[in-house]
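Written out below as structure tokens is the structure these notes cover.
The values are calculated or read from the model by the stated rules, or taken from the named source; none is laboratory data. None of the values given here were measured: they were computed from a predicted structure. Cβ atoms come from the backbone with ideal geometry, glycine included; neighbour counts cover every protein chain shown.
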Amino acid sequence: MPIALITGGGTGIGRAAGVALAGIGYTVVLAGRRPEPLESAAADISGAVARTADVSDLSSVDALFSFIAQRFGRLDLLFNNAGTGMMPSPIEDIPLADWQSVIDVNVTGAFLCTQHAFALMKRQDRPGGRIINNGSISAHVPRPLSTAYTVSKHAITGLTKSTSLEGRRYNIACGQIDIGNAATDLTQAMHTGVLQADGRVAQEPTMAVELVGQCVAQMASLPLDANVQFMTVMATAMPFIGRG
């Protein structure tokens, strides 16, 4: 069976992707910082393995990929899904520590996992594999007062393009899924109202998170000679086209 690693795999989009990937034949490794949701998710996904890891910490990423190499001998899919944000803040008031926390997880974490996946995919039997990065609608346009998160997601687009280019000669495909308003614990505020570009606070529609998992599985189901470079999946009526 092909092996998939999902970072941020215990809840929300990561968990939904795990369910969908297991449904198309992947053995899924769920990684994240909190053991309880990881173990809960793994118990609900046939054959899944939970592994505690902090993607922003090099030694933790080293240990995670050493485990995968020793346990399975290969990695066929990495879903760089782990991410974090911060409270809305004017750019001049963002504490450096908060900025660094977002960049460490969203950018450095994705880079470290990509770096390790690339090395394993190049040297394994039947070399090659696929990397899918979780971008965001914010990889295209920002929400108000979201500088750190927006910068981090624009950086993911650069990582996707560079990885895609460098991976060509090694049979490593890389694509990005940009997600808007999937219904998770992190988007509960959208039902009561979130800040808009014109200063209003307005409700926004959401979509079932399971649909995002299905999209990840669709990208992962392609042969390695085909790639979804960028996919945008969003609640149809959310303010993205025409935002602002």
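Per-structure values
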| quantity | calculated |
| --- | --- |
| Criterion: farther than 23 Å from Thr150 by Cβ, among the polar types (S, T, N, Q), touching a Ser or Thr at 6+ places or on another chain (Cβ under 9 Å) and modelled with pLDDT of 95 or more - qualifying residue of Ser56, Ser60, Ser66 | Ser60 |
| Residues satisfying the stated conditions in region 1-47, i.e. in contact with an Asp or Glu (Cβ under 7 Å, 6 or more places away or on another chain) and within 20 Å of Arg74 (Cα to Cα) | Pro2, Ile3, Ala4 |
| For Pro35: the one exception among (1) surrounded by 14 or more Cβ atoms within 10 Å (Cβ to Cβ); (2) touching a strand residue (DSSP E or B) at 6+ places or on another chain (Cβ under 6 Å) | (1) |
| Lone unmet requirement of (1) within 15 Å of the chain's Cα centre (by Cα); (2) surrounded by fewer than 17 Cβ atoms within 10 Å (Cβ to Cβ) for Met238 | (1) |
| Residue that is surrounded by the most Cβ atoms within 10 Å (Cβ to Cβ), among those in region 146-197 that are touching a strand residue (DSSP E or B) at 6+ places or on another chain (Cβ under 7 Å) and assigned to a loop (DSSP other than H, G, I, E, B) | Asn181 |
| Number of the exception - Pro223 against (1) assigned to a helix (DSSP H, G or I); (2) free of Cβ contacts under 8 Å to residues at least 12 places away in the same chain | (1) |
| Listing of strands (runs of 3 or more DSSP E) fully contained in region 1-99 that carry 1 or more residues being touching a residue at least 12 places away in the same chain (Cβ under 8 Å), farther than 23 Å from Phe118 by Cα and aromatic (Phe, Trp, Tyr) | none |
